[in-house]
Each structure stands twice: as structure tokens, then as C-alpha cells.
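Notes follow once the structure below has been shown.
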Amino acid sequence: MKKGVLATLLFVYLAASGHLYAQSQAPASTPNYPFVKGYMSFIIPWVKLDKNQATWEFQDATTIGFPVGLNVYYSNTFGFSFEITPSVQWSQPSGKPGTSKTNNLLFDPGPIFRFKNGFNIIPRLAFETQGRYGLTPVFNKIYARTKDVDYWFSLSLPVRFGNNEPASVGLNLQIGFTFN
């Protein structure tokens, strides 16, 4: 299982580090700041570690989040992101029929530090309806651009506290698109 996750990470990194563009890049006109773009995505939490255990995705249950958000860009190097993520969890307790449920809603705003070649760092705050809170550093890379949509992926490291649970850190993969 761990080798599969590492192989997937390596593939995603290699795919994003090359110059993969859906169309040739024409010189863009200078945008008028500030401006707003919306996005949609899905996120898979691969692993969560705390002092007691490591919980791997697909081990006991499967959780998928569906982040939607708005990014307000103030310059070609800075912006602010407002994201809301509902999560759905599927599980099949031993000997019982499978179930699915909405298990969390996450609000995680944060500044966007924009770099060349479509790379962004987004240090987000995190507030969950499950009673947990913390931060989520996000490393984001645009891997394809079209006239209407930018396609991207992110790796994030959610750090969570609260709700009488041990502090934890995780690793997530997020794949999405931003409307231009």
C-alpha cells in the first residue's frame, strides 16, 4: 500500500514538473487587479498520523472531499483563497452492510503566494465541524492551461488539534480546475 502511494506521488510530481499545456501560451494581457476566480476539486486524504496510529485511506473507510472556493488575486504574486470542503465517507463495518455519510465540513481560508510556472503556496487556517482546528500548508501546481480552465493539483499537510483527540498530521492529494 505504501509503495503505491509513493509511486502515485512520484508520478504526479513528474507530470507537473514538465511543461504540459493544453494550448500554446500566447502572451497574456496584463490583468486588472483585484479579480476573482472560482474553482472546484476533489481531495483524497492519503494518510493521517497521530501519536497512537497511522490511518491510511482505504484501510477501514474511504473519504473524499469536494472543495469549492473563490480566489481573490491582488497581484501576480499574491492573493487570498476562501475554500469550503464537504466530505463524504464510505465504510463497511465487519459483518454489516456498507454505509455512506457526510462526515465533515471544513472552512479553510488562507493567503496565496504565487510564483512563476504556476506554482503556489497556500498556508491555510482550518476549522472543521467535527470540532477540530489547525492549519493546512498547501503546495499547488498548475499543470495545464486552456482559455477557459486551469487544471492543477495540490499536496497538503493538514495539522489538526482539538476535540479531545491527539494532535495529527496528514498528507492529502487534491486535483481540480479553476475557471478563467
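Key figures for this structure:
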{"quantity": "Where Pro93 falls short, out of the listed (1) outside any strand (DSSP E or B); (2) within 23 Å of Phe177 (Cα to Cα)", "calculated": "(2)"}
{"quantity": "Residue list for segment 127-145, filter: crowded, with 18+ Cβ neighbours inside 10 Å and either part of a strand (DSSP E or B) or of a type in the set (S, T, N, Q) (or both)", "calculated": "Glu128, Gly134, Thr136, Val138, Asn140, Lys141, Ile142, Tyr143, Arg145"}
{"quantity": "Residue list for segment 146-160, restricted to those being more than 15 Å from the chain's Cα centre (by Cα) and of a type in the set (S, T, N, Q)", "calculated": "Thr146"}
{"quantity": "Single residue of segment 37-85 satisfying the filter (in a loop (DSSP other than H, G, I, E, B) and charged (D, E, K, R)) that is modelled with the lowest pLDDT", "calculated": "Asp60"}
{"quantity": "In segment 146-170, residue nearest to Lys48 (Cα to Cα) [restricted to those that are outside any strand (DSSP E or B) and in contact (Cβ under 8 Å) with a residue 40 or more places away in the chain]", "calculated": "Pro158"}
{"quantity": "Boolean, Gly110 is surrounded by 16 or more Cβ atoms within 10 Å (Cβ to Cβ) and modelled with pLDDT of 95 or more", "calculated": "yes"}
{"quantity": "Any chance Tyr133 is within 15 Å of Val68 (Cα to Cα) and out of contact with any Cys (no Cβ under 6 Å at 6 or more places or on another chain)", "calculated": "no"}
{"quantity": "Residues of segment 106-120 that turn out to be under 13 Å from the mean Cα position of the chain (by Cα), farther than 20 Å from Phe35 by Cβ and not in a loop (DSSP other than H, G, I, E, B), as a count", "calculated": "2"}
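The values are calculated or read from the model by the stated rules, or taken from the named source; none is laboratory data. Small disclaimer: the values here were computed from a predicted structure and weren't measured. Glycine also receives a Cβ, built like all others from the backbone with ideal geometry; neighbour counts cover every protein chain displayed.
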